1. Using 0.36 nm per residue, how much length does the chain from residue A:367 to residue A:303 gain when fully extended, once their Cα-Cα distance is taken away?
2. Could you list B:170, A:224 so that the one with the fewest beta carbons within 10 Å of its beta carbon is first and the one with the most is last?
3. Considering every residue in B:47-56, what mean count of other chain Cβ atoms within 10 Å of its Cβ is obtained?
4. Nearest 10 degrees, 0 to 90: what angle lies between the long axis of helix B:145-157 and the longest principal axis of chain B (Cα atoms)?
5. May I ask you to derive the relative contact order of region A:66-208, considering only C-alpha pairs under 8 Å and at least 6 residues apart, and to give it as an integer percent?
6. Contact order normalised by length for chain B, with contacts defined as Cα pairs under 8 Å and 6 or more residues apart; what percent is it?
7. Sort B:153-163, B:133-143 by the packing proxy (mean of other Cβ within 10 Å over each peptide's residues), most packed first.
8. Ignoring everything except DSSP H segments at least 4 long, calculate the 222 nm mean residue ellipticity for chain A; use -39,500 (n - 2.57) per segment, divide by total residues, nearest 500.
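Just so it is clear, none of the values below were taken in a lab; they were calculated from the coordinates. Only a predicted model underlies this, so the values are computations on that prediction, with no experimental measurement involved. Please note: Cβ atoms are built from the backbone with ideal geometry, for glycine as well, and neighbour counts cover all protein chains shown.
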Ligand SMILES: Nc1ncnc2c1ncn2[C@@H]1O[C@H](COP(=O)(O)OP(=O)(O)OP(=O)(O)O)[C@@H](O)[C@H]1O
Ligand SMILES: [Mg+2]
């Protein structure tokens with residue numbers, strides 16, 4: 001009870017003391033919050049990207065077969081489906097239809113795909129990503145979407161539905177079509193596909209399967225799930241690298257800030273500590289009071305900074321990181337990252353912001369508070 | 001009983017700017033009396049009070065409080081002694097700017113973990129006794145010199161410490177307020193408390209509650225009158 005009341009009294013004092021220098025302390029919290037904001041934004045963004053990568057990989061097939069013609073990807077013949085399926089260990093071979101469509105109206109590239117049977121929209125209907133809906137202003141269900149490949153040829157599709165997906169990055173510019181519509185719209189012959197996708201019964205057999213298949217199909221290129229994973233890794237590593245650089249800058253700012261704090265107390269603060277000691281405050285009391293102060297400042301900054309970062313990354317779509325994201329999708333600023341916060345990372349950030357700050361405040365205070373207080377006698 | 005035997009205090013010892021503020025002082029201060037320290041400026045009055053009040057340690061010599069030696073104790077024991085035994089009125093008041101008068105007066109009680117309402121009631125009573133009741137919620141920097149001094153006195157009294165140490169407590173008070181202060185001192189003495197004062201003020205020295213006057217010069221005690 002006594003100890004509790006004592007802390008209560010010390011905290012009360014701290015609040016009174018903090019409110020004296022409102023401008024200075026608010027400025028302090030503001031600067032501190034900004035640092036936390038940058039760090040937390042980078043952190044949220046990086047983990048959102050990682051989540052995107054995981055989501056992308058989850059849907060990726062074990063093996064993709066592409067037809068090469070003069071070293072470039074071409075349409076692949078449906079005949080090869082049976083050839084591939086006849087290789088031991090391979091199952092579920094399907095031909096995929098997908099491609100890119102440049103939409104002159106919105107000036108953006110869409111990824112047009114024919115989904116698997118279960119999700120196939122009926123003829124004349126499409127399912128579109130949020131980005132497209134926004135870019136074309138298709139607010140209601142059943143809105144018509146006009147697409148044209150060449151002058152004078154206008155195709156009408158009805159928007160059956162807009163995507164609800166965890167992975168906005170991947171679905172923002174996605175347009176799903178019926179297979180027949182796709183072939184008609186892009187003039188793809190009946191026996192051709194964009195590429196083939198297959199699953200391999202045993203993941204360890206992938207290399208053997210690729211080996212056998214490449215002998216049977218000399219003009220094909222094989223992309224395994226591992227290759228895709230590696231590509232994503234590279235892509236995200238690079239993006240994360242940028243984040244790390246940014247985080248480093250923020251840390252540096254914080255270090256400078258903490259060093260300044262640690263370098264000493266103002267004469268006024270030192271005198272105040274002397275007075276408190278002289279009238280019977282223990283070194284422990286003074287330090288506890290300063291810890292309360294540091295706690296209020298750094299916790300306040302942490303809450304402010306992380307909340308702002310959450311809003312920045314998940315609501316506003318991380319506009320500060322736009323340069324990092326450019327090239328991902330032309331529709332870019334219109335997507336939202338799926339909110340997801342890694343609790344352990346948040347705890348690390350909390351410790352990272354409060355502990356060094358506490359240490360930086362306590363050391364000089366401890367030094368001042370362990371000296372004899374007789375200087376205040378005169 | 002507080003005793004000093006052969007106590008010296010040298011500031012900046014061993015350096016070219018060393019100052020001997022007290023020189024081999026031997027003195028006994030009775031408990032339950034009012035002792036006034038007098039002497040010219042720089043004679044060592046404040047230094048002596050800071051040693052007795054456990055704010056600093058003597059360079060040589062020994063100080064005891066009720067028979068227990070205090071001069072060699074580490075800082076945290078000295079803090080504890082300060083908290084339990086002394087209330088201080090500093091020559092320059094040392095109120096904390098930006099806080100209200102009441103908050104300042106309550107400060108010495110903060111580390112004790114008492115019921116805040118009890119502390120506040122006590123603080124208000126002290127302020128009332130010194131005529132500062134109406135100013136309790138004002139920030140200390142708007143007080144006049146005499147009001148500041150009284151706020152400092154109220155703060156020294158808030159913990160009911162057995163020893164009041166007051167360095168020039170009436171320098172800024174007019175005759176009426178000085179008498180008010182002396183009434184408080186008399187009341188403290190009647191409660192069996194010990195009061196140590198420094199003063200140049202003849203009104204204080206002539207006042208009824210004073211039981212001993214210690215005359216200092218050049219860091220030494222030259223005369224003790226009881
Ligand atoms: N921290 C210090 N460093 C150096 N010299 C000091 C220090 N504190 C006090 N002195 C010196 O010690 C001497 C005694 O000072 P002290 O304050 O005890 O005098 P005093 O009797 O209280 O004077 P006054 O009546 O003016 O308050 C003075 O010469 C002063 O300059
Ligand atoms: Mg003095």
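1. Details: separation 64, 0.36 × 64 = 23.04 nm, distance 2.99 nm.
Once the chain is fully extended between residue A:367 and residue A:303, it gains 20.0 nm.
2. Details: B:170 25, A:224 19.
Going from least to most buried by this count: A:224, B:170.
3. On the way: counts 3, 0, 2, 8, 2, 0, 4, 4, 9, 6.
The per-residue average across the peptide is 4.
4. 80
5. Values: 242 pairs, mean separation 50.2, N = 143.
That works out to 35 percent.
6. Numbers: 430 pairs, mean separation 65.9, N = 226.
Relative contact order comes out at 29 percent.
7. Details: B:153-163: 22.5, B:133-143: 15.0.
Result, highest mean Cβ count within 10 Å first: B:153-163, B:133-143.
8. On the way: 12 runs with 202 residues, N = 378.
When only DSSP H runs of four or more count, the value is -18000 deg cm²/dmol.
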